[in-house]
1. Ignoring ligands, DNA and RNA, what percent of the 1.4 Å accessible area of the stretch 1-275 is carbon and sulfur?
2. Would you rank THR80, THR184, THR42 by solvent-accessible area, highest first, keeping every protein chain in place and using a 1.4 Å probe?
3. Which of the following values of semi-axes √(5λ) of the Cα gyration tensor in Å was calculated from the structure shown: [x] 40, 27, 17; [y] 29, 25, 16; [z] 32, 21, 20?
4. In percent, what relative contact order does the chain have, based on Cα pairs under 8 Å that are 6 or more apart in sequence?
5. Using the basic label-point model (7 angstrom from Cα toward the beta carbon), what is the ASN253 to ALA51 distance in nanometres?
6. Within 10 Å, count the other beta carbons around each residue, average over each peptide in 99-105, 31-37, 247-253, and list them highest first.
7. Taking +1 at the Cβ of each Lys and Arg and -1 at the Cβ of each Asp and Glu, which of LEU204, ALA272, ALA63 sits farthest along the dipole of the chain towards its positive end, judged by Cα position relative to the Cα centre?
8. Keeping all protein chains in place, calculate the accessible area per residue for the stretch 115-163 (probe 1.4 angstrom), answer in Å².
Amino acid sequence: MEKLRDFALIVSQAERGELVFPTSVNAALQLQLALADPDCATDDVVRKVLAEPQLAARTVALANSAVFNRRGPLVTGVRTAVLRVGFRNLYTMAAAMVVRQFGSRIRDPQLRAMAGQLWRHSAHVAALAHVLARHVTGVDADTALFAGVVHEAGGFYLLSRADEMPGLLDDPAEWLGAAQEIITREMMRKLAIPEPVALSIVGLRGATLSPPPAGLRDTLLLARRLAPVASPLAPAIEAGYADGALEDYVRDNAQLEHVLRQSAADAESMSAALLV
């Protein structure tokens, strides 16, 4: 009964727009707001990035990834890194910092390990989504990267609350379905995720592929299927359905295999930058 009350509390908070965010994400949220301002000055952005060492390190790492630095000298300064990756990708880095903060404050060893695996999964999905967008689905690659980074935001939130409420996620039937959708939708709103991206992420639950893949949702579906690290929540999420069309598309697809082989270095470099 206590677990049911805890879960009902989380859902009711989400419905009222009262999700509990750690105070440590404030700086990243402020940077997101600044980057959303079309009149935002580069100097102001650089100061905000320098104020967050982890964000600064990830931005420099991304600037040195194969996607952004083919043959040039290594980037060692934040200003150069910001200019190279651009404000849109810096916005993605800020969102990544927000999402990761939910996992970093978890104390329970098992839940903390799950959060670590969920972030590795998200980083691989983001990198693969960027590749697939460029070569397969034709959607904006930077948008696909961003969507991959934040697509499991609701899962991170549930893991962080489970740390405060032991046993909360023991029965997936209680938190899958409409309740998960409510929490995910509110996370998208709280993180100021653009509506087209939010709709694609919310639409992932129970979605199936209609080949050929097209659009952001299909890009994410395919990236999740191809990610070398599975989501620790995947067994529960996938228990209720199987996407035969997705499996058929992936199986013996020479064109897809060629794209993945040719872009393997880019995907690996970008996922490594996100994991810094």
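1. 53 percent
2. Details: THR80 75, THR184 20, THR42 45 Å².
Order by accessible area, largest first: THR80, THR42, THR184.
3. Here the calculated entry is [y].
4. On the way: 326 pairs, mean separation 71.9, N = 276.
Contact order relative to length: 26 percent.
5. If labels sit at ASN253 and ALA51, their model points lie 4.3 nm apart.
6. Values: 99-105: 20.9, 31-37: 17.4, 247-253: 12.6.
My ranking of the peptides, most packed first, is 99-105, 31-37, 247-253.
7. So the residue furthest toward the plus end is ALA63.
8. Numbers: 940 Å² over 49 residues.
Per residue, the stretch 115-163 has 19 Å² of solvent-accessible surface.
The values are calculated or read from the model by the stated rules, or taken from the named source; none is laboratory data. Remember, predicted model here, so these are calculated numbers, not experimental data. Cβ coordinates were reconstructed from backbone atoms using ideal geometry, including for glycine residues, and neighbour counts include every protein chain displayed. Areas reflect the complete protein model, heavy atoms only, side chains present, ligands, DNA and RNA absent. Shrake-Rupley method; radii C 1.70, N 1.55, O 1.52, S 1.80 Å.
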